[in-house]
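The values are calculated or read from the model by the stated rules, or taken from the named source; none is laboratory data. As the structure is a computational prediction, the values presented were derived from the model and not from experiment. Glycine also receives a Cβ, built like all others from the backbone with ideal geometry; neighbour counts cover every protein chain displayed.
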Amino acid sequence: ALMQRDGGIEDAEMYRTFNMGVGMIAAVAPGDVDAALAAMPGSWRIGDVVAREDGPPVRGIPLAD
């Protein structure tokens, strides 16, 4: 709320940019999706992890020295 208020960031931009409302994310094998959803009431499938087809590899940004 502080960042949104002081930065003048609209609700739609906050939800587009930040993990607002999703909470914990569990990445499971495709064959385990149904069991994972059944084990976590109220959960939902948010997407898929797929192999990159082309372009440079994704690089992480170091957060500390």
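Counting just the residues of segment 8-23 that are at pLDDT 85 or above, surrounded by 10 or more Cβ atoms within 10 Å (Cβ to Cβ) and not in a loop (DSSP other than H, G, I, E, B), which one comes out farthest from the chain's Cα centre (by Cα)?
Glu13
At pLDDT below 90, out of contact with any strand residue (DSSP E or B) (no Cβ under 7 Å at 6 or more places or on another chain) and exposed (fewer than 10 other Cβ atoms within 10 Å of the Cβ): which single residue out of Pro56, Pro30, Pro41 fits that description?
Of the residues listed, the single one that is at pLDDT below 90, out of contact with any strand residue (DSSP E or B) (no Cβ under 7 Å at 6 or more places or on another chain) and exposed (fewer than 10 other Cβ atoms within 10 Å of the Cβ) is Pro56.
Mind checking which pairs have a first residue in segment 33-62 that is without any contact (Cβ under 8 Å) to a residue 40 or more places away in the chain and closer than 24 Å to Gly21 by Cβ and a second that is surrounded by 10 or more Cβ atoms within 10 Å (Cβ to Cβ) and among the hydroxyl-bearing types (Ser, Thr, Tyr), Cβ under 9 Å, 6 or more apart or different chains?
Ala36/Ser43; Leu37/Ser43
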